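The values are calculated or read from the model by the stated rules, or taken from the named source; none is laboratory data. The structure presented is a predicted model; accordingly, all values stated were derived computationally and were not measured. The area values use the complete protein model at the heavy-atom level, side chains included, leaving out ligands, DNA and RNA. Shrake-Rupley method; radii C 1.70, N 1.55, O 1.52, S 1.80 Å.
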Amino acid sequence: MSTDEDRERLAGHLAALPVRELVDVLRRVLPHFEQEAYGMRTALTLANVTWYEDDVDPGLDVELVAWPDRDHYGGELGPDQGLWENGRCPRCDVEVTSNAKRAHCPYCGTACALT
Ligand SMILES: [Zn+2]
């Protein structure tokens, strides 16, 4: 059990990280909250959400934040550029985003090629 002060201190540490480092920390944490019940697997993931004030197609765009392919980037986290790469998971057919062009879907782990 943690105190509110413990969680506030942890939140302060996380908020000070560049986004690619925050994503790397969450990659290690969120899978611990996965659940399976009634033949369904539920995973806690990070999402990037954008509201578009578009006249043609307004609405909320939700992209799952994909984990950078560390093997592809020599054990590193890929470019430090924010979540500017986008694409779809070829298995889940869900929109994903990442700081890296080579990343893994946070739900199924499939490699995704982002642009
Ligand atoms: Zn997937």
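Which order do 63, 76, 53 take by accessible area at a 1.4 Å probe, largest first? Show your work: numbers first, answer last.
Values: 63 15, 76 120, 53 150 Å².
Descending order: 53, 76, 63.
Given a 1.4 angstrom probe, what's the average accessible area per residue across the chain, in square angstrom? Can you show the working numbers first?
Details: 7820 Å² over 115 residues.
With all protein chains present, the chain gives 68 Å² per residue.
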(request) Among 19, 65, 49, determine the one that fluctuates most according to a GNM of the chain built with springs between C-alpha atoms less than 10 Å apart. (result) 49
(message) Restricted to Cα positions, what overall size does the chain have along the principal axes? Three whole-Å values, descending.
(response) 47, 39, 36
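May I ask you to rank 72, 32, 13 by accessible area, largest first, using a 1.4 Å probe over the protein chains only?
Working: 72 90, 32 150, 13 120 Å².
Descending accessible area places them as 32, 13, 72.
Counting only protein chains, not ligands or nucleic acids, how are 2, 98 ordered by accessible area (probe 1.4 Å), most first?
Details: 2 50, 98 0 Å².
From most accessible down to least: 2, 98.
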(request) Please identify, among 16, 66, 37, the residue showing maximal mean-square fluctuation in a Gaussian network model of the chain using a 10 angstrom Cα cutoff. (result) 37
